[in-house]
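Engineer: Structure incoming, see below.
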Amino acid sequence: MLGRSCGRGLGAAFRLEPRLKPLYDNIRTVIVGKDDVVQLALTALLARGHLLIEDVPGLGKTMLARAIAQSLSATFRRIQFTPDLLPSDVTGVTVFDPSRQEFEFFRGPVFANVLLADEINRTSPRTQSSLLESMEERQVTVDGKTHVLPEPFFVVATQNPIELEGTYPLPEAQLDRFLLRIELGYPGQDEEMRILAGQIRRHPIETIQPVLDAAELVELQEAVREVHVSQEVLAYITSLAAATRSSPDARLGVSPRGSLALLRASQAHAFLRGVPFVTPDSVKAVAPHVMAHRILLDPRRELGGLTRRQVVTQVLGSVPVPTVPHEKVLRPVQP
């Protein structure tokens, strides 16, 4: 999938949620010609999820994270993951203060609203796992004491899929913590010319100003949870997950946590487009980016060149898409 723009199913024309338009436009000044990618990044942010960007160097992975962070009145930290990085370099460390005769906790860079984990696969599994608790439970436990992370908390991780020497592939448990996994892809020639022209004198990232504060973002994230989901759409989501589990090409399919991730991403996708309910189109738009990294392929099929994204495409083509009557769209879901 490298070299291709992701998220083609999102479509070019849509009615953006007005409160998000300044944020969307801000990021697009830096990430040129990748509107689908920007929409996916905002989908992860609105759903209170985390984002994994996998692509070759030089395509703007770090710039995307910086553009999001600078567009928010929020704290931003960047961790350059290296083989010698320790868990305490991420979470923080407790130090004894002789003058006060007590221990003091010094917070690590994970205590931020937006955290860029750059080249996350270049550090050891031990250090990678230091992010597990923070990404899932939004807290950090050091020396038996729990410290709550700030809200909002959004992790954007990058990795280079080409260079394998000196890297540690993310374990499935770590991959599962990322709501979406996306690629940027190469720009077209016209888009690349716009990128060059826009940076003749200075980089657009230098001119970005905050357009949304942390409290407003939290309110929008809460509003996403109110986007209605009908029984038919819930059945569609669970049918997609079940199809991955029964696929002959998959050794392990999408778990119930993956189904929940698909639900949250679908709600955020609908909210981003100003729609008060989830449609099957929203589910189909985000499904490849939510489900693919949660599937384990049969080794023989993987050696034969099959990809996880292809399995999701097959599943989307085989599971019937529900037709939800208009009168049922806003019918309350029975718990």
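Read-outs throughout are calculated quantities, based only on the coordinates presented, and are distinct from any laboratory measurement. Quick caveat, the model's predicted, so the values are computed rather than measured. Using ideal geometry, Cβ is built from the backbone for each residue, glycine included, and neighbour counts are taken over all protein chains shown.
Engineer: Any chance you could count the Lys pairs in the chain whose alpha carbons are under 23 Å apart, treating pairs 8 or more apart or on different chains as valid?
Structural biologist: 5
Engineer: Can you give the extra length, in nm with one decimal, that the chain gains between Glu219 and Gln139 once fully stretched, where that is 0.36 nm per residue apart less the Cα-Cα distance?
Structural biologist: So the extension gain works out to 26.8 nm.
Engineer: Sequence-distant or interchain residues sharing an amide H contact under 5 Å with Phe154, placed H: which?
Structural biologist: Correct list: Val114, Leu115.
Engineer: Ok, one more. Using the basic label-point model (7 angstrom from Cα toward the beta carbon), what is the Leu16 to Tyr168 distance in nanometres?
Structural biologist: 3.9 nm
Engineer: Compute a Gaussian network model of the chain, connecting alpha carbons closer than 10 Å, and tell me which residue from Gly144, Gly49, Gly60 fluctuates the most.
Structural biologist: Gly144
Engineer: Just to confirm the filter: which GluC sites (Glu not before Pro) across region 169-256 are DSSP coil and have at most 10 other Cβ within 10 angstrom of their Cβ?
Structural biologist: Loop-located and lightly packed - Glu226.
Engineer: From the helices alone, meaning DSSP H stretches of at least four residues, give me the mean residue ellipticity at 222 nm for the chain, per-run term -39500 (n - 2.57), in deg cm²/dmol to the nearest 500.
Structural biologist: Value at 222 nm, helices only, nearest 500: -11000 deg cm²/dmol.
Engineer: Another question about this same structure. Taking 7 Å along the Cα-to-C-beta vector as the label spot, tell me the Phe96-Leu252 distance in nanometres, rounded to one decimal.
Structural biologist: Simple spin-label model gives 4.2 nm for this pair.
Engineer: Pop a pseudo-label 7 angstrom from the Cα along the beta-carbon direction at both Thr307 and Asp190 and give the gap in nm to one decimal.
Structural biologist: Between Thr307 and Asp190, the label points sit 2.5 nm apart.
Engineer: Sequence-distant or interchain residues sharing an amide H contact under 5 Å with Leu180, placed H: which?
Structural biologist: Counting only residues 5 or more places away or on other chains, the set is His50, Leu52.
Engineer: So, by mean Cβ neighbours within 10 angstrom, what's the order for 296-306, 124-134 with the highest one leading?
Structural biologist: Listed from highest to lowest mean packing, they are 124-134, 296-306.
Engineer: Now, a different point. Explain nothing, just compute: Karplus ³J(HN,Hα) = 6.51 cos²θ - 1.76 cosθ + 1.60, θ = phi - 60°, for every residue of region 190-198 in order, whole Hz, x for Gly and Pro.
Structural biologist: 4, 5, 5, 5, 5, 5, 5, 5, x
Engineer: Could you tell me how many degrees, from 0 to 90 and to the nearest 10, lie between the Cα long axis of helix 214-224 and the main elongation axis, the longest principal axis, of the Cα atoms of the chain?
Structural biologist: 30 degrees
Engineer: Return the long-range amide H neighbours of Leu72 (sequence gap of 5 or more, or a different chain), with a cut-off of under 5 Å between placed amide H atoms.
Structural biologist: For Leu72, whose amide H was placed from the backbone, the distant partners under 5 Å are Val211.
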